[in-house]
Every structure is written in C-alpha cells, then in structure tokens.
1. Within segment 177-198, is even one residue hydrophobic (A, V, I, L, M, F, W, C), more than 23 Å from the chain's Cα centre (by Cα), surrounded by fewer than 20 Cβ atoms within 10 Å (Cβ to Cβ) and under 27 Å from ARG98 (Cβ atoms)?
2. Are any of the residues in segment 55-68 among the β-branched types (Val, Ile, Thr) and in the same structural domain as GLY163 (by TED's automatic domain parsing)?
3. Filter segment 143-168 for residues that are under 24 Å from the mean Cα position of the chain (by Cα) and farther than 18 Å from SER209 by Cα and give the result.
4. Would you pick out the residues in segment 177-191 that are β-branched (Val, Ile, Thr) and either free of Cβ contacts under 8 Å to residues at least 40 places away in the same chain or in a loop (DSSP other than H, G, I, E, B) (or both)?
5. Which of the following residues is surrounded by fewer than 19 Cβ atoms within 10 Å (Cβ to Cβ) and out of contact with any helix residue (DSSP H, G or I) (no Cβ under 7 Å at 6 or more places or on another chain): ALA151, ALA135?
6. Within segment 150-176, track down each residue that is part of a helix (DSSP H, G or I) and of a type in the set (Val, Ile, Thr).
7. Would you mind finding the one in ILE103, ILE120 that is surrounded by 19 or more Cβ atoms within 10 Å (Cβ to Cβ) and in contact with a Cys (Cβ under 6 Å, 6 or more places away or on another chain)?
Amino acid sequence: MLCSGRRREVAVADLVQVEKLVHHFDLGGGRRVHAVDGISLAIGEREVLGLVGESGSGKSTLGRTLLGLHDKQGGQVRYRGEALPARYAPADFRRFSRKLQMIFQDPYSSLNPRMTVGEILTEGLLLHKLLPPSAARDKAVAWLERVGLHADHQSRYPHEFSGGQRQRIGIARALILEPEFVVCDEPISALDVSVQAQVVNLLDELRHSMGLTLLFIAHDLSMVRHVSDRMAVMYLGALVEVGPVDKVYFEPLHPYTQILIASNPEPDPASERTRLSTSITGEIPSPVNVPAGCRFASRCPRAMDVCRTQTPLLKPAADPDRLVACHLY
C-alpha cells in the first residue's frame, strides 16, 4: 500500500529557499526559452513537495537548477540559509553533493554503462574520502540489499538490469552519501504500474528512516497526492498554485489546476468511460515568446480582459496556507 501524505509530520523549518529563480535556454539571435522564469518557493525540512505540470512546463529544469546542474541566471537558492553559487565550480559540486542529490528520470542514461554497479555506488564515497575501499564496498552491498537487490549485483553492469532495478540502483547511488535534500525527477514515469508502487514505497521508507527532504517531480497526480505534503503546480516556467496536497487536489483554485486534476483518469473503468472530456483547449503559448498577462489566459475558460494584460502574482488566497497566481482571487 502507498503511504498517504496526509499523515506526514509537519515541517518545522525551511531547508531550501528559492527566490525569483531564473534559467533560460539561449537559442541564439536574442531568442530564449523561458524554462524557469522567476520562481519563488520554500521547502521545509523533512517535507515532500510534489511538483506537477504538463511536459515542457519547466519542472525538470527547476530541479536541475536548484542543484547547480544548470546555472542560475537570476534569483537565488539558499540551503540552510546559505546562498548557493550561481555557477558551480568543481569544488562546489564536491562540497554540496554530500547534502544535495538527484534521482534522475531515466536511470539507463544516468548510469555509466562502463562501470559496474559496485563502482557506481562506491564512486561518491571514494571521491569524498568518506571510507576506505573495502568499507565502501561493504556499504555498497548494504545499500543494494536495502533497495531490494542482491550483493552479487555489484559485479554487473547497468544494461543487465530491468528498468525498475536500474531505478533502485539510481536511488542507492543518490542516497549512499546520506544527503538531506533529494530532487526526484520523475523517478517512476518509465516504470510499470506495479514497479512504480514498489519504488514509491521504497522512497517513502527511506525518507522516514533517513529524515530526507524531497522535491518529487511527476505527472501522475494521484501518486503525487499519496507521497507529498504539499503540491506545487507549474505552467510555462512559472508557479500557478501551491498548497497542502489534499486541498490542492480536492479543492483546486487556479483554472489550470482544476483542469489538470479533472483530467486525471478515474480508477473505475465504468466512470472513466462516461466522464465528460476535460481536455484543455486553445494553443499552448510559445516559451520563447511568453505572452503578456497570465500565461494560461489563451487556454483558460474563465479568462477576463485583465488576464491578457496584467501578470498575476503568486500570493495567498483566502486560506493563508495556499498561494495562487490568478486574477479571480
């Protein structure tokens, strides 16, 4: 069974603070893709923040920029109050990788095909000189068993494993250094449904036993609801709604969130067949030429004149625990 985010412990302090973070991809000729465009949010210690949105909304770019895999072209990221570098040098990666890690979406492309699993898992321990080689190998074996694999798997190569097994190896690689904050970049999207449940339950167990803080990026809204404390909704490089996961899921405020959640498949086949279509109509704006006003206005069924001229700010709604960027509120 999946564990519900509604029973999570309450975060007592912000571990990660993001202030007006910007990352654009330069296409040349003065053209830029506005992948992350002035995002501000805070992630509490031992909290799981679920990040959802359509493909191309900038979710993965946000996660990579938080960890320095993309340069910060504007704004700031703070970890335990310390500002992280705008552009990481090798020394910065060496210093912060002990506490900030990432589980990548595609474990096949993120695992070095020329290294055995044992070499992949011990690499970080040896680079940081945390353990001598023999002790590092012992710890790698312990982590293989902890994620549901076997000790003899350490001599094999990534291509010898299934997708679910490779994702478990990716989890072990990220967590063997015992970090505090982990970006999970769609760690279940390429897996079968049964394997998805196994991986999510594994992350949940490790999160509680290690006191982890997670940014959980996914398309599956039902899965995000089960694993997260709060949910953030991203559209075209900007956040449109943030709040406690059950409130956002069952009482969405922003029209985009409402349509996104309404489009989530029903578990009952009979209900799914008779349900009215909730697809989003209208053209998706270009991330290169971001329109004035609300980015969702051209597709929003409740758009007003002000929506096409003034950009709504992400601010508290009637419930102070919820933030929404919409002129309706």
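1. Looking through segment 177-198, none of the residues is hydrophobic (A, V, I, L, M, F, W, C), more than 23 Å from the chain's Cα centre (by Cα), surrounded by fewer than 20 Cβ atoms within 10 Å (Cβ to Cβ) and under 27 Å from ARG98 (Cβ atoms).
2. Taking segment 55-68 first, the residues among the β-branched types (Val, Ile, Thr) are 61, 65.
After this cut, where a residue has to be in the same structural domain as GLY163 (by TED's automatic domain parsing) as well, the list is none.
No, every residue in segment 55-68 fails to be among the β-branched types (Val, Ile, Thr) and in the same structural domain as GLY163 (by TED's automatic domain parsing).
3. Of everything in segment 143-168, those that are under 24 Å from the mean Cα position of the chain (by Cα) and farther than 18 Å from SER209 by Cα turn out to be PRO158, SER162, GLY163, GLY164, GLN165, ARG166, GLN167.
4. Hit for segment 177-191 is ILE188, nothing else.
5. ALA135
6. Answer for segment 150-176, where residues must be part of a helix (DSSP H, G or I) and of a type in the set (Val, Ile, Thr): ILE169, ILE171.
7. On the way: ILE120 fails: in contact with a Cys (Cβ under 6 Å, 6 or more places away or on another chain).
Checking each option against the conditions leaves just ILE103.
Residue by residue, here is whether (1) within 30 Å of ASP192 (Cβ to Cβ); (2) touching a helix residue (DSSP H, G or I) at 6+ places or on another chain (Cβ under 8 Å) holds:
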| residue | (1), (2) |
| --- | --- |
| ALA13 | no, no |
| ARG31 | no, no |
| ILE43 | yes, no |
| LEU49 | yes, no |
| ALA91 | no, no |
| MET102 | yes, yes |
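The values are calculated or read from the model by the stated rules, or taken from the named source; none is laboratory data. Since the model is a prediction, treat every value here as computed from it, not as a measurement. Glycine gets a Cβ as well: all are built from the backbone with ideal geometry, and neighbour counts include every protein chain shown.
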